[in-house]
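Worksheet for the structure shown next.
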Amino acid sequence: MKNLHFLILVFLLPFLITCNSKQSIKHQKPEYALVIHGGAGVILPTDISKEKEKAYFFSLDTALQIGENILKNGGSSLNAVEAVIVFLENDSLFNAGKGAVFTFDGKNELDASVMFGKDKTAGSVAGVTTIKNPIKAARAVMEKSPHVLMVGAGAESFAKEKGIEMVDPSYFFTYERWNSHQKLKKQEVENKDKTDIPVADKKKGTVGCVALDKEGNISAGTSTGGMTNKKYNRVGDSPLIGAGTYADNKSCGISCTGHGEFFIRYTVAKDVAALVEYKNMDIQTAADEVIHQKLGKIGAEGGLVGIDKEGNIVMSFNTPGMYRGYCIPGKRETFIYK
Ligand code: ASP
């Protein structure tokens, strides 16, 4: 009898091992995952000095480390997203917080949003000029108010009330962004641009982050100065939930960057999540469908980063470059060009 059991076990063993390893590969999910972008656009190696390239890689890598430290120690995806974006907002290399682009009138008007995939709560601010870290204000709108989106002076009073650091608008000034603003303004005046759409600064720098924590919660956030020389308090996709940012534990988290007018009309972030949730598409196919097919066909430039509930990461863009990076336990990588 014992021999019979032994024979059955020996016969079944290879079969059992194969089944289990297949299963574990299919369901292999990282304990946590983090992905970031620092804007998509005409970013070419010929346009960036080696020194600047190094600075970008260093910033992206540091941002990932900040987020990873939080996730590794069991922190929430929301805390990771906020900390990463605060770091990128404080870094003048990126078009968010310090380093934001200028409006046609020579101001810096900032937009940011955040969403928590566990309960689909969300918060955003738009057109703010005195909040040092707009992502913190967006989170406060989400957690400390019954609203989702606050704009301009009202958003600033709210942030101040909640003890968020305020700065003089001059804090956001950088020579590099001022010079592109002046250059584009000259071009625009010379070309007597007939449309009200600002001349696009092809080098973008919006920042975004998506994280999946050990509890399986996905969060996404985006922060930007918008598009250079924007007029009339123009607001892009970044502070709009469903357009520039989206997170739902049932599908995925997404943060976008690119020509906001198209991202709003195509509700890009939600569209990717909908393809994942309703069509059962894998996140890479869904993101490529939206970025390369839908937006690609109409010449709308940009990209996105995302993570699905299984921890699969996507970084999809239809421009020559996108500052980006990701990490999962044991692996951290950063990229700039295609
Ligand atoms: N999407 C941003 C906006 O349109 C800009 C960017 O991502 O570069 O405001």
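Just a few scattered comments:
- Taken over the stretch 107-119, the criterion of being in contact with a strand residue (DSSP E or B) (Cβ under 8 Å, 6 or more places away or on another chain), in a loop (DSSP other than H, G, I, E, B) and within 14 Å of the ligand (Cβ to nearest atom) is satisfied by Glu109 alone.
- Within the stretch 208-258, the residues that satisfy the criterion of being touching a His at 6+ places or on another chain (Cβ under 7 Å) and either among the acidic types (Asp, Glu) or modelled with pLDDT under 95 (or both) are Thr228, Asn229.
- On inspection, Phe94 qualifies as of a type in the set (Phe, Trp, Tyr), buried (at least 22 other Cβ atoms within 10 Å of the Cβ) and within 20 Å of Gly221 (Cβ to Cβ).
- Leading residue by the ranking (surrounded by the fewest Cβ atoms within 10 Å (Cβ to Cβ)) among those in the stretch 319-335 that are in a loop (DSSP other than H, G, I, E, B) and either free of Cβ contacts under 8 Å to residues at least 60 places away in the same chain or more than 16 Å from the ligand (Cβ to nearest atom) (or both): Gly330
- Residue match in the stretch 224-245 (condition: in a strand (DSSP E or B) and of a type in the set (Gly, Ala, Ser)): no
- Condition met for Phe104 (on the phi < 0 side of the Ramachandran plot, within 16 Å of the ligand (Cβ to nearest atom) and surrounded by fewer than 24 Cβ atoms within 10 Å (Cβ to Cβ)): yes
- Flag for Glu289 being among the charged types (D, E, K, R), within 14 Å of the ligand (Cβ to nearest atom) and in contact (Cβ under 8 Å) with a residue 12 or more places away in the chain: no
- Of all residues in the stretch 230-260 being small (Gly, Ala, Ser) and without any contact (Cβ under 8 Å) to a residue 60 or more places away in the chain, the one that is farthest from the ligand (Cβ to nearest atom): Ser251
- Odd one out for Lys202, checked against (1) within 15 Å of the ligand (Cβ to nearest atom); (2) at pLDDT 95 or above: (2)
- Residue match in the stretch 84-96 (condition: touching a Phe, Trp or Tyr at 6+ places or on another chain (Cβ under 8 Å) and in a helix (DSSP H, G or I)): yes
- Complete set of residues in the stretch 94-121 that are of a type in the set (A, V, I, L, M) and over 17 Å from Leu149 (Cβ atoms): Ala96, Ala100, Val101
- Against the list (1) in contact (Cβ under 8 Å) with a residue 40 or more places away in the chain; (2) out of contact with any His (no Cβ under 9 Å at 6 or more places or on another chain); (3) not aromatic (Phe, Trp, Tyr); (4) not in a strand (DSSP E or B), the condition Lys186 fails is (1).
- Flag if Gly163 is of a type outside the set (A, V, I, L, M, F, W, C), out of contact with any Asp or Glu (no Cβ under 7 Å at 6 or more places or on another chain) and in a helix (DSSP H, G or I): no
The values are calculated or read from the model by the stated rules, or taken from the named source; none is laboratory data. Fair warning: this is a prediction, and the values are worked out from it, not measured in the lab. Because the Cβ atoms are built from the backbone with ideal geometry, glycine has one as well, and the counts that use them run over all protein chains shown.
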